[in-house]
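Peer 1: Sending over a structure as structure tokens; questions will come in a sec.
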Amino acid sequence: MICAHFERDLSAMVAVSSPSGDVESAEELCAIVTTLLPPEARIERPPCSTAGHAPDLLAKVEGSGSGRVLLLGHLDTVISHADHRPLERHGDRLTGSGSIDMKGGVVLALGVMRALAELPREFAEISLLTVVDEEWRVGGFDHGPRFADYDACLCFEAGQLGPGGIEAVVARRKAAATLKVTATGVAAHSGSAPEKGRNALLALADVAARVAALGDPAGDNRLTAIPTVLSSGDAFNVVPAAGELVCDLRAEHLDHFDPVLAAIPAEIEGVDLDSALVRRWPGMDSRAIVAERLQAPAEELLGRPLHVGSRGGASDASHVAQHVALTLDGLGPRGGHAHHPGEFVDEASVRPRAEVALALAAASLSV
């Protein structure tokens with residue numbers, strides 16, 4: 001049933017353009033999710049971790065067994081309304097905005113929940129949490145502590161293949177942070193009196209070079225430090241008096257970002273600099289516990305090998321992993337072009353990814 005209705009359900013979800021922060025679209029998607037839940041699901045709408053957003057959606061199905069598993073996903077996208085594309089089929093590709101990141105994963109999670117709901121003796125509680133702020137959240141993630149007594153968390157970000165083309169899941173993610181540097185200089189006419197100015201753009205360019213030089217992706221901390229956005233200046237003939245630089249930082253642990261922040265001076269050539277980490281996401285590494293408790297029983301149920309790997313991008317799984325030791329990610333379908341209006345799901349991956357998710361869920365309930 002998961003595969004039979006996948007395209008229909010994905011089309012309904014992708015039809016709704018849902019950039020982060022749009023309350024109306026988030027409510028529409030939550031209504032769609034509600035219709036796809038098993039009928040016995042009890043629904044809550046906990047406040048979103050980000051102010052001004054619609055409430056998140058938490059659905060729970062109770063059984064008579066002993067295991068508790070959280071299925072995790074998000075409904076928001078980075079695609080604007082103007083760039084949104086509804087779902088279209090192009091051969092084996094289901095192409096549409098938000099399809100792989102991560103509405104396709106949410107559809108799979110819903111299918112897994114429906115399948116498990118038919119076996120109430122196998123679990124005590126199955127929960128599905130879909131949040132509406134994952135793509136642009138700056139602050140913390142509020143929901144983790146409430147799942148601290150759960151046996152496992154399965155997050156349905158996009159899937160991937162491991163060595164030799166075997167199905168893979170993600171047990172390791174880097175920590176992530178957003179570095180923001182604000183520059184305050186002095187404006188001056190760039191033709192008649194440039195010496196009277198203090199160039200914020202040049203100061204930020206200097207900072208960008210310093211940050212980039214600290215990156216060492218092959219080092220012990222696997223630090224990447226990438227300047228991504230630089231804005232400064234209002235006119236072609238004025239020394240820019242203000243500006244802002246944004247950098248994306250990734251590493252093994254959050255404290256590995258401290259040397260980057262410390263390397264930025266408070267002033268360069270008379271330009272004042274204010275630096276801060278405005279977004280901090282923890283890393284996760286559940287490889288050891290997955291290998292010890294979950295991989296073998298999941299492979300036995302699946303009937304084939306499963307690769308437990310890594311991914312550099314951030315995910316809400318990292319937040320939950322601070323409270324639920326047995327957390328796995330990358331259970332969604334495979335596809336590509338994430339964060340692009342034309343992102344897609346590889347339809348041929350839906351069945352094997354559904355099998356992987358069901359095997360891991362069943363194994364999680366028996367650990």
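The values are calculated or read from the model by the stated rules, or taken from the named source; none is laboratory data. Everything numeric in this text was worked out from a predicted model, so none of it was measured. Heads up, the Cβs are rebuilt from the backbone with ideal geometry, glycines too, and the neighbour counts pull from every protein chain shown.
Peer 1: For residues that are farther than 10 Å from Met284 by Cα and in contact (Cβ under 8 Å) with a residue 12 or more places away in the chain, scanning just segment 301-310, find the one that is surrounded by the most Cβ atoms within 10 Å (Cβ to Cβ).
Peer 2: In this case the residue turns out to be Leu306.
Peer 1: If you scan segment 213-255, which residues turn out to be within 30 Å of Arg287 (Cβ to Cβ), hydrophobic (A, V, I, L, M, F, W, C) and either in contact with a strand residue (DSSP E or B) (Cβ under 7 Å, 6 or more places away or on another chain) or in contact (Cβ under 8 Å) with a residue 40 or more places away in the chain (or both)?
Peer 2: Leu214, Leu223, Ala225, Ile226, Cys247, Leu249, Ala251, Leu254
Peer 1: Can you name the strands (runs of 3 or more DSSP E) wholly within segment 26-96 that have at least 2 residues being hydroxyl-bearing (Ser, Thr, Tyr) and out of contact with any Phe, Trp or Tyr (no Cβ under 6 Å at 6 or more places or on another chain)?
Peer 2: So the answer is none; nothing clears 2.
Peer 1: Let me ask you something else. Can you name every one of the helices (runs of 4 or more DSSP H) wholly within segment 204-309 that holds 1 or more residues which are in the same structural domain as Cys153 (by TED's automatic domain parsing) and not hydroxyl-bearing (Ser, Thr, Tyr)?
Peer 2: 287-293, 295-302
Peer 1: Of everything in segment 35-57, what is surrounded by 13 or more Cβ atoms within 10 Å (Cβ to Cβ), among the β-branched types (Val, Ile, Thr) and either modelled with pLDDT under 95 or over 19 Å from the mean Cα position of the chain (by Cα) (or both)? Give them in sequence order.
Peer 2: The one that is surrounded by 13 or more Cβ atoms within 10 Å (Cβ to Cβ), among the β-branched types (Val, Ile, Thr) and either modelled with pLDDT under 95 or over 19 Å from the mean Cα position of the chain (by Cα) (or both): Ile43.
Peer 1: Report, by residue number, each residue of segment 342-359 that is under 17 Å from the mean Cα position of the chain (by Cα) and part of a loop (DSSP other than H, G, I, E, B).
Peer 2: Result: Glu343, single match.
Quick grid of which residues meet (1) touching a helix residue (DSSP H, G or I) at 6+ places or on another chain (Cβ under 6 Å); (2) over 29 Å from Val138 (Cβ atoms); (3) surrounded by 13 or more Cβ atoms within 10 Å (Cβ to Cβ):
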{"residue": "Ser192", "(1), (2), (3)": "no, yes, no"}
{"residue": "Ala200", "(1), (2), (3)": "no, no, yes"}
{"residue": "Ala205", "(1), (2), (3)": "no, no, yes"}
{"residue": "Leu214", "(1), (2), (3)": "yes, no, yes"}
{"residue": "Arg222", "(1), (2), (3)": "no, no, yes"}
{"residue": "Val229", "(1), (2), (3)": "no, no, no"}
{"residue": "Ser232", "(1), (2), (3)": "yes, no, yes"}
{"residue": "Asn237", "(1), (2), (3)": "no, yes, no"}
{"residue": "Leu254", "(1), (2), (3)": "no, no, yes"}
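Peer 1: Just name the residue that is surrounded by the most Cβ atoms within 10 Å (Cβ to Cβ) out of those in segment 97-132 that are aliphatic (A, V, I, L, M), in a loop (DSSP other than H, G, I, E, B) and in contact (Cβ under 8 Å) with a residue 60 or more places away in the chain.
Peer 2: For segment 97-132, the residue satisfying everything is Val132.
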